[in-house]
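**Q** Structure below; questions to follow.
Here, each number is a calculation from the coordinates, and none is a lab measurement. What you are looking at is a predicted structure, and each value in this text was computed from that prediction instead of being measured. Note: ideal-geometry Cβ built from the backbone for every residue, glycine included; neighbour counts use all protein chains shown.
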Amino acid sequence: MTVRRLWKAFTAPRTTVVLLVLLAVMLLLNVVVPQEAVLGPDEFALMLTGRPAARFFLVTLGLGRLATSPVFIAVLVLFFVNLSAVLVARLGPTLRRTRMHERSEQGLAAWARMEESLSADLPAAWEPGRIVRALQGFGYRARRPGERTFWGVKHRSAPLGFLLFHLSFFLLCAGGVTIYLTRFVGTAVVTEGQEFAGQYQDVLRYAPWGGPPDLSFTLDEVEPRFEAGEPVHLGATLSILGAGSVVRRLARVNDPARWGSTIVLVQAAGIAPILWLQDAGGFTVDRVAVAARTRSSGTGLGDELPREDVTEVPLAGGRVVARIEPLAPGTPFPTREDLGTTPIRLSVVQTVEGKGGERQVLYEGSLRPGEAAPLSAGAGPAGRLVLEELRYWAGFQIIDERGGGLFMAGFLAGVLGLVWRLLLHRREVVVHWDEEEVRVVGRSEYFSGHFKRELGALFAELTDDREGRTG
């Protein structure tokens, strides 16, 4: 097989369709087959334990990491090489089809005399000027190749939709690669009045290019809307610190706050006690705002709380620990009006020196905002712990990425290219006459019923014998 035949086979539409089908099958497998990126490394490894067949398909063949597997990348690269080849092969012919080359009067007249042309006696009020007006009225660009012949072309730029549609895939690819290389995802828990400046609770994804976003904001207020005693439709008002200015943004569950390439999405909320530790002399030892776990997971035995449900707060350099319990089962989530009277149950312990890390309970009970718990150790008081107030805390997911504009431009270019190519078909019309009759013939890339009616209306317009009739 010659190089020319290979090139023709590679740029044929059948080759592109085959590659598209292969990509579609692989994307379907990416949803059906368990993926390590979705399950997580630990759960994925546990699923493979004792399953050699699953390990062969998911690990050896790379189906468990399909999006980054060599097979998928190879097919994807081959697809874009094919698109590039198709564009190179079709660019010249497509551009030539958009031009109105000079046509000979003899050729157009011969075409007009074909059997499928529309013909009628030459009207008495016939004059060439009305042909130009009629063609322009129907959207055709008119040329006069000869004394008795007019040629009109409509939607001559329609073939460019083919090029635009193929170019849209490159924009989509550029957007996807840019998002992959720049996407950073982290979580943060912030208390009302607290400033966030990069203190991420967990980083779910590091960007291969670049680091965390340069983002600083203060959580002004959490706005929960309640249903059945639970906060839903969460909102949070943020004061984002920009270049010498403060900009307020509202973040909601389904409507994140945006700042440049960064979005801030609020996901959870809870109560945050403000604790104030004083020593026996009344001097302030420590003051902290605590994002406490508000609801219990309900996995304890009997009345015992699960360890992960209790929020432990080190105070005074870790010498004293406050252990805050979640709200009791059945207790409604407090509204902002109830924050001033909602009790929280807590205990305070300290490590006894010289007793191998043994802990001594200094207080155990419930406190409301504004109340103080006396901390007694041995024979005398060790100070007190004040529950100054209760605020809300909010959990955020912070995402920073670039390339969304390229991705959207690719999508819009693809839609525009399809509409341009499939709906605006190139059409040609020839009007030729002699001393006895006038003939009209036309052709379109797709001879639809609409074009047939348009051709009939144009013919009726031209052969109307009333004086002064125009298109």
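**Q** Sorted by mean Cβ packing within 10 Å, highest first, what order do the peptides 386-393, 192-199 take? Intermediate values should be presented prior to the final figure.
**A** Numbers: 386-393: 20.4, 192-199: 14.6.
In descending order of packing, they fall as 386-393, 192-199.
**Q** State the answer as a single residue: which of L412, V440, L458 lies farthest towards the positive end of the charge dipole of the range 389-471, with beta carbon charges of +1 for Lys and Arg and -1 for Asp and Glu, about the Cα centre.
**A** L412
**Q** Can you list the DSSP H helices in the chain whose Cα atoms extend at least 30 Å along the helix axis and whose mean Kyte-Doolittle hydropathy is -1.0 or higher?
**A** What comes out of the filter, once short or polar helices are dropped, is 70-97, 160-182.
**Q** May I ask which residue of G62, F196, S347 lies farthest towards the positive end of the charge dipole of the chain, with charges of +1 (Lys, Arg) and -1 (Asp, Glu) on Cβ and the Cα centre as origin?
**A** The Cα lying farthest towards the positive end belongs to G62.
**Q** Let me ask you something else. According to the square roots a ≥ b ≥ c of the eigenvalues of the Cα gyration tensor, what is the shape class of the range 146-210, taking rounded for a/c under 1.5, prolate for a/b larger than b/c otherwise, and oblate for the remainder?
**A** It comes out prolate by the Cα gyration axes.
**Q** Another one. Can you tell me which of 421-434, 170-183 comes out highest on packing, and rank the rest after it, using the mean Cβ neighbours within 10 Å?
**A** 421-434, 170-183
**Q** Suppose every Lys and Arg Cβ carries +1 and every Asp and Glu Cβ carries -1, with no other charges. What dipole size does the range 82-189 come out with about its Cα centre, to the nearest 20 debye?
**A** So the dipole magnitude of the range 82-189 works out to roughly 340 debye.
**Q** Sticking with this one: What relative contact order, as a whole-number percentage, does the chain give when Cα pairs under 8 Å and 6 or more residues apart are counted? Numbers along the way, then the final one.
**A** Values: 839 pairs, mean separation 94.6, N = 471.
The normalised contact order for the chain reaches 20 percent.
**Q** Tell me which of M26, P329, V247 sits at the most positive position along the dipole axis of the chain, charges placed on C-beta atoms (Lys, Arg +1; Asp, Glu -1).
**A** The residue sitting farthest along the positive end of the dipole is M26.
**Q** List the residues, sorted by chain then number, that are 5 or more residues from E221 or on another chain and whose placed amide H is less than 5 Å from its amide H.
**A** Correct list: T237.
**Q** Report, by chain and number, residues whose modeled amide H sits under 5 Å from the one on D286, excluding near sequence neighbours (fewer than 5 apart, same chain).
**A** Excluding prolines and chain starts, which carry no amide H, the hits are L277.
**Q** A further question on this structure: Scaled to the compact-protein estimate 2.2 N^0.38 Å, what is the alpha-carbon radius of gyration of the range 9-76, rounded to two decimal places?
**A** Rounded to two decimals, the normalised Rg is 1.32.
**Q** List every residue whose amide H lies under 5 Å from the amide H of R426, counting only residues 5 or more places away in sequence or on a different chain, with H placed 1.01 Å from N in the peptide plane.
**A** Answer set, sorted by chain and number: E445.
**Q** If you don't mind, there's one more thing I want to ask. Of the listed peptides 92-101, 259-268, 399-408, what is their order by residue-averaged count of other C-beta atoms within 10 Å, with the highest listed first?
**A** 259-268, 399-408, 92-101
**Q** Could you size up the charge dipole of the chain around its Cα centre, putting +1 on the beta carbon of Lys and Arg and -1 on that of Asp and Glu, and report it in debye to the nearest 20?
**A** Here the size comes out at about 2420 debye.
**Q** Moving on to the next point. For the range 97-185, count the residues as N, evaluate 2.2 N^0.38 Å, and divide the Cα radius of gyration by that value, please.
**A** Cα-based Rg divided by the globular estimate yields 1.88.
**Q** What is the magnitude of the charge dipole of the range 3-97 about its Cα centre, with +1 placed on the Cβ of each Lys and Arg, -1 on the Cβ of each Asp and Glu, and no other charges, expressed in debye to the nearest 20?
**A** 900 debye
**Q** Give me the Debye-computed log₁₀ of I(q)/I(0) at q = 0.19 Å⁻¹ for the range 23-154, equal point scatterers on Cα only, no solvent, two decimals.
**A** Normalising to I(0) and taking log10 leaves -1.09.
**Q** One quarter of the convex hull surface, Cα atoms only: what value does that give for the chain in nm²?
**A** 40.4 nm²
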